[in-house]
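Since every read-out is calculated from the coordinates, none of them should be taken as a lab result. These numbers were taken from a predicted model, which means no experiment stands behind them. Cβ atoms come from the backbone with ideal geometry, glycine included; neighbour counts cover every protein chain shown.
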Amino acid sequence: MRVDTINPLVLADGDIAEWRSLLTADPNFTSPFLTPDWAQFVARRRPDARVAVFRNEDGSAAGFLPVQRSSPYAALPIGGSVCDYQAMIGPTGLDLPLAVKALDVGRIDFTAGLKDSGLAPHLLAADAGHVARFPEGWEAWAEEREAAGAKIAQRARKSYLKLVRDHDKGAVTIEPFSADSHAFDELILWRREHMWRAGVTDIFERAWINHLVRDTFAASESDIHFGGALFVLRVNRRPAA
């Protein structure tokens, strides 16, 4: 097996189709951060974006590892600090050191590597992750969480009903998959203000992150595979959440 490294923007159609097929075959890979679309969005803002493509002897793709080559010494999962779901896309037998060698780096730093993937033998420490999946719909998920003792769905319902009671009829609305750019800008402003109050790094000061988040929102209507979804809770037509 060999490993090729290429810019995600020049992936062949056949490679993209095989990538999507690998994602479909394994429910653990259900994450936008593992898609070829995410890799290509990042590549439009980061010239160091690369995909290590594992190839069989006949040249067909066997697996993929998208990264950003941040320095000659280390690479990061593609999207780095805004990507919290990381894996090698493909069967568990893929040889990660082959990708490290092909990328010409000393190491790849995974901060949220999926243990149920080819990364498992190379992870130094284990921690609990939190991913909400809804294979049978929202109500089934809420019932399952309540049966397990979690109160998140119940608290959300109570908060919403109180909000409705406290305002005139029709004043509280939910706008799913909103394309309201003004509401989106307000959301970003709220996030930046929160980071400032919390004393943590404002990630939007990094131009590539700021542009990447805005790119994904702008793609939500035009791209059938990928995009950022904005849901707006309004009170008297003003965004409240």
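Hey, got a sec? Which GluC sites (Glu not before Pro) in the range 79-167 land in a DSSP loop and have at most 10 other Cβ atoms within 10 Å? Spell out each step's value before the answer.
Values: sites: GLU136, GLU139, GLU143, GLU144, GLU146; in loops: GLU136.
Hits after loop and neighbour filter: GLU136.
In plain terms, the C-alpha convex hull of the range 116-183 casts an average shadow of 8.8 nm² when viewed from every direction. Computed from point charges on the beta carbon alone (+1 for Lys and Arg, -1 for Asp and Glu), the dipole magnitude for the range 46-151 about its Cα centre is near 460 Debye.
Here the convex hull built on the C-alpha positions of the range 105-152 has a volume of 123 cubic angstrom per residue. Excluding same-chain neighbours fewer than eight residues apart, the aspartates and glutamates reachable from LYS101 by a Cα-Cα span under 13 Å are ASP4.
How large is the direction-averaged shadow of the alpha-carbon convex hull of the range 57-152, in nm²?
Details: hull surface 34.8 nm².
With the hull built on Cα positions only, its mean projection is 8.7 nm².
Dipole magnitude for the chain: computed about the Cα centre from +1 point charges on Lys and Arg Cβ and -1 point charges on Asp and Glu Cβ, it is near 920 debye. Taking Cα atoms only, the orientation of helix 207-218 departs from the longest principal axis of the chain by about 70 degrees. Distance between the pseudo-spin-label points of ARG107 and ALA179 (7 Å out from Cα toward the beta carbon): 4.6 nm. When Rg and Dmax of the Cα atoms in Å is calculated directly from the model, which label among [x] 19.8, 62; [y] 20.5, 67; [z] 16.4, 52 fits? Given [x] 19.8, 62; [y] 20.5, 67; [z] 16.4, 52, the calculated one carries the label [y]. Within the listed set ASP202, ASP215, ASP166, the residue fluctuating most in the Gaussian network model of the chain (springs between alpha-carbon atoms under 10 angstrom) is ASP166.
Cα centroids of the range 174-215 and the range 138-168: how far apart, whole angstrom? For the range 174-215 versus the range 138-168, the Cα centre distance is 26 Å.
Computed 3J(HN,Hα) for the range 32-48, one whole-Hz value per residue from the Karplus formula 6.51 cos²θ - 1.76 cosθ + 1.60 where θ = phi - 60°, is x, 5, 9, 8, x, 5, 4, 4, 6, 4, 5, 4, 5, 10, 10, x, 8, glycine and proline marked x. Altogether, the Stokes-Einstein calculation at 37 °C and 0.692 mPa s, with the Kirkwood radius of the range 149-241 over Cα pairs as Rh, returns a diffusion coefficient of 214 µm²/s.
Give me the net charge of ARG145's neighbourhood, meaning all other residues with Cβ under 14 Å from the Cβ of ARG145; Lys, Arg count +1, Asp, Glu -1.
Working: positive: ARG133, LYS151, ARG155, ARG157; negative: GLU136, GLU139, GLU143, GLU144, GLU146.
Charge balance in the 14 Å sphere: -1.
Taking the convex hull of the alpha carbon positions in the range 1-121 and averaging its projected area over all directions gives 6.5 nm². Axis angle, to the nearest 10 degrees, between helix 13-25 and the longest C-alpha principal axis of the chain: 60 degrees.
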